[in-house]
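Chemist: Please read through the structure below; I'll follow up with questions.
The values are calculated or read from the model by the stated rules, or taken from the named source; none is laboratory data. Given the structure is predicted, the values throughout are model-derived calculations rather than measurements. In this analysis, Cβ positions are derived from the backbone assuming ideal geometry, glycine residues included, and neighbour counts consider all displayed protein chains. Just so you know, the surface numbers come from the protein's heavy atoms only, side chains and all, with ligands and any DNA or RNA stripped out. Shrake-Rupley method; radii C 1.70, N 1.55, O 1.52, S 1.80 Å.
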Amino acid sequence: MTELQRALSLLGFMREDEAEHHLHELAGPGAYTADEARALWTASHQALRHVHTSPGIPELTDLPPEAWDHLLQIHQHESFALLVADLTWSVRLVEIDPLLSVAIDVFVARVEEWTRRLSGGDPCTLLDAFLPRKAAPFLIMTGPSLAFAVHTDLGASWAHDVRKGPLPSILKPPLPVRVVEIAGSYYLMDGYHRAVALRRLGHTHIPALVLHDCNWSFLRHTPRRRMFQPAPFASPNPPCVGHFLTPAAVETRAAPCVRVMTIRVESFIAPIADIWTGNTTP
């Protein structure tokens with residue numbers, strides 16, 4: 001029997017029936033009885049408190065001058081354009097607590113691992129953890145209409161529609177912490193486990209790539225399967241990253257994430273990928 005993972009879940013921002021459905025998706029059918037699901041939702045809902053006076057409006061400050069060389073190397077990365085598309089962007093130190101959270105869950109083991117990796121240092125001296133200059137190992141699969149790349153360190157993925165042009169020669173973007181601005185409010189897109197780990201270590205701000213003037217559909221580019229819909233963010237007390245550090249984040253069980261794909265050989269060619277250089281051989 002596969003051991004379930006531990007997660008922290010912001011169930012209280014959902015309706016009770018949505019929370020029960022989410023738990024069954026998270027841990028699998030039958031993992032929770034109706035009474036257990038109700039108890040978790042009630043505990044989270046009753047613990048909802050404001051974590052910041054201005055949710056969605058974090059403080060943004062400049063990184064110190066000693067970080068400028070690091071930022072220049074990021075900008076010169078061959079695939080930086082994939083990260084920013086045609087959007088206005090900046091790299092800032094972003095206040096963590098008021099960032100709006102589209103993620104419903106974070107996984108305890110990954111937060112603990114990041115806590116160990118980040119302990120004993122200042123965020124501005126550990127920039128490669130948040131704004132990496134080199135891509136991590138990845139694999140590519142290509143087909144007649146899609147090229148798919150998987151970043152194997154942090155589990156994120158990127159897709160490229162080959163009908164709109166050839167596969168970029170380098171499809172291995174580094175994965176920085178990303179924040180998106182939508183209608184004047186700031187949402188954390190990537191980097192939840194790093195952000196929660198930093199807060200556990202007592203830090204209040206996280207280095208992040210900030211993408212400005214986005215819309216809600218832009219968040220669909222994240223590979224995250226379970227995320228809040230827009231409705232909770234219309235509340236005076238919307239889900240924020242800071243809530244993962246409060247009793248509103250109840251401990252839940254989650255099934256290990258296993259993705260199974262059925263591929264027809266006549267539809268897909270799976271190249272052999274050199275995971276360090278990105279060179280592929282059919």
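Chemist: State log₁₀ I(q)/I(0) for the stretch 1-143 at q = 0.19 Å⁻¹ as given by the Debye formula over alpha-carbon point scatterers of equal weight, solvent excluded.
Modeler: For the stretch 1-143, the Cα-only Debye profile gives -1.24.
Chemist: Relative to the present Cα-Cα distance, how much length would full extension add between SER90 and TRP216 at 0.36 nm per residue of separation?
Modeler: Extra length from SER90 to TRP216 when fully extended: 43.5 nm.
Chemist: For TRP68 and GLU36, FRET efficiency with R0 = 45 Å and r from the beta-carbon atoms, rounded to 0.05?
Modeler: For R0 = 45 Å, the calculated efficiency reads 0.30.
Chemist: Assuming 0.36 nm per residue, please report the length gained on full extension of the stretch HIS75 to ALA231 beyond their Cα-Cα distance.
Modeler: Length gained, HIS75 through ALA231: 52.6 nm.
Chemist: Quick check: residue separation of ARG6 and ARG116 times 0.36 nm, minus the Cα distance between them. What number comes out in nm?
Modeler: Extra length from ARG6 to ARG116 when fully extended: 37.9 nm.
Chemist: Still on this structure, please answer the following. Quick check: with the 1.4 Å probe, what order do TRP114, TRP41, TRP68 take by accessible area, largest first?
Modeler: Correct descending sequence by accessible area is TRP68, TRP41, TRP114.
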